1. Residue by residue through region 282-303, note down the ones that are crowded, with 16+ Cβ neighbours inside 10 Å, under 17 Å from V89 (Cβ atoms) and not aliphatic (A, V, I, L, M).
2. Show the residue pairs that are 6+ apart or on different chains and have beta-carbon atoms under 7 Å apart, the first residue being within region 136-159 and within 12 Å of ligand 3 (Cβ to nearest atom), the second being of a type in the set (F, W, Y) and open to solvent by less than 20 Å² (accessible area, probe 1.4 Å).
3. Consider region 188-237. How many of its residues are among the charged types (D, E, K, R) and over 13 Å from G149 (Cα atoms)?
4. When V3 is evaluated against the numbered criteria (1) open to solvent by 40 Å² or more (accessible area, probe 1.4 Å); (2) farther than 28 Å from D98 by Cα, which criterion, by number, is the only one it fails?
5. Mind checking which residues of region 204-213 are touching a Gly at 6+ places or on another chain (Cβ under 7 Å) and surrounded by 21 or more Cβ atoms within 10 Å (Cβ to Cβ)?
6. Kindly provide the set of residues from region 223-253 that are of a type in the set (D, E), more than 8 Å from ligand 2 (Cβ to nearest atom) and either open to solvent by less than 40 Å² (accessible area, probe 1.4 Å) or modelled with pLDDT under 95 (or both), ordered by number.
7. If I go through region 87-116 residue by residue, how many of them are out of contact with any helix residue (DSSP H, G or I) (no Cβ under 6 Å at 6 or more places or on another chain), over 21 Å from T226 (Cα atoms) and not basic (K, R)?
8. So, R13, is that one more than 16 Å from ligand 3 (Cβ to nearest atom), charged (D, E, K, R), open to solvent by 70 Å² or more (accessible area, probe 1.4 Å) and not in a strand (DSSP E or B) or not?
Amino acid sequence: MTVDRETVRARLRALGFDEVRFARVEAGFGPGLRAWLEAGYHADMAWMERTVEKRSDPALVLPGAKSVIMLGVNYLPPAEEAKRDGKPVWARYALHADYHDTIKEALVQAGLVLEELGAVTPKDYCYYVDTGPVIERGWAAKSGLGFIGKNSMLISRTHGNWLFLSAVLTTLEFAPDEPVSLRAAGRETEPGLLCGKCSRCMDACPTQALPKPGVVDARRCISYQTIENKGIIPRELREGIGNHLYGCDVCLEVCPWNRFAQAGRRMLLSARYDLAELTLREVLELTPERFAEVFRKTAIKRVKLTGLLRNACVVAGNTDARDCLDVLVRLAGHASPVVRAHAVWAVRKLGAGERLVALRAAETDAAVLAEYEG
Ligand code: B12
Ligand code: SF4
Ligand code: SF4
């Protein structure tokens, strides 16, 4: 059945999606993903390998899928919320109630819209935000929602780099939307299509995690290391992490396409800008109870207290946080060897290794002992 695309677009926009774009399902887009996996760029995200077939073909996710509806939610904060001088830096997306939850609620409603307008049942559609086996940026580029920058982000002419993406796969047929520009016709997913000679993102990446235009080596990416990696952060990357406590927006922020972006309607977001007010000391002093209370309903709770303390130790070591030495020494005796290892690193980096003598004598964990060796 063919459904009027514009009626669906208007209804989904009314639910709070800032962008609603349509693409026709095509198979055979796996080679890029496979090459990325074969190069080991996914680090230990083994779930990406396990789902490679599905990620490459929406019809394996939803039998009979004919269309992908790509949805974008602008999360650029109002200008006055943008700066937090001297405080640890959080990725902008994280300063909200968990977008997986808030957007999911609207996706449920989007499904009901398809049922109503397309006379379909729940077996004729499925939706995902972030965690599904769908190459969201590829489909977004295909639908003309934007283009893939050299930073590998989906960049919109209207919203810059600041869009959350989600996808609805459906057996309904929609006329596909036009590509982002005439130049893009037939080349929709080519990385850097509208970048020209610019390479600011690649030059600015603090850990050189962009080996080629449009390709991120997650092993080197601060976002991966501070969010996805649950263990030890490789020592050679720690300095590059600077004061990034959780995630990284450097290659997004430097992009000139952001100059056109304005804060969105924010209908599907619930801001938690208060998190960016936390001082480094307040983070280092978090207890399990306080962590649960402060990060309730945010995406940050997934790194758990140990992950956040680990990251905070790295920031402390990088920012000459000598006023936090007492708490860092305490963390060098923490129950988690991951926290201990990074606390030892930070204390030594701050030139106060002598304060760890007693702890070192009692240490048995090989990874932590390696930090004492330097
Ligand atoms: C794994 C992952 C990561 C990893 C790896 C990043 C990467 N570049 O792949 C890590 C942890 C490092 C990461 C970091 C971040 N991420 Co992330 N991440 C994902 C996730 C779950 C999968 C991405 C993926 O498949 N990567 C593998 C590479 C090879 O795929 P790709 O970059 O999408 O490119 C493919 C297409 O272009 C494809 N292609 C070529 N031709 C065609 C044709 C068609 C038709 C298709 C379909 C595809 C296609 O070629 C490539 C390989 O196939 C997606 C959600 C999702 N389900 O898609 C979010 C997602 C990409 N992340 C997102 C965000 C916001 C971030 C961060 C900004 C978070 C932060 N502030 O810390 C950083 C940015 C880092 C960066 N520069 O990319 C957003 C991006 C939104 C946007 N506007 O682009 C997404 C879409 C989540 C969401 N739902 O909003 N992320
Ligand atoms: S998110 Fe940060 S570390 Fe990752 S590629 Fe971009 S600039 Fe580099
Ligand atoms: S910073 Fe420049 S090269 Fe990087 S994505 Fe933006 S326009 Fe493209």
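1. Correct list: F295, T298.
2. Going by the 7 Å Cβ cut-off, the qualifying pairs are I155/F147.
3. Number satisfying all stated conditions: 8.
4. Every listed condition holds for V3 apart from (1).
5. Across region 204-213, the qualifying residue is only T207.
6. We begin by selecting, within region 223-253, every residue of a type in the set (D, E); these are 228, 236, 239, 249, 253.
Adding the requirement that they be more than 8 Å from ligand 2 (Cβ to nearest atom) leaves 228, 236, 239, 253.
Listed by number, the list is empty, since nothing qualifies.
7. Adding up the residues that qualify gives 13.
8. On the way: more than 16 Å from ligand 3 (Cβ to nearest atom): yes; charged (D, E, K, R): yes; open to solvent by 70 Å² or more (accessible area, probe 1.4 Å): yes; not in a strand (DSSP E or B): yes.
So R13 passes the test.
The values are calculated or read from the model by the stated rules, or taken from the named source; none is laboratory data. Small disclaimer: the values here were computed from a predicted structure and weren't measured. Don't worry about glycine lacking a Cβ; one is built from the backbone with ideal geometry, like all the others, and counts go over all protein chains shown. These area figures cover heavy atoms from the full protein model, side chains too; ligands, DNA and RNA do not enter into them. Shrake-Rupley method; radii C 1.70, N 1.55, O 1.52, S 1.80 Å.
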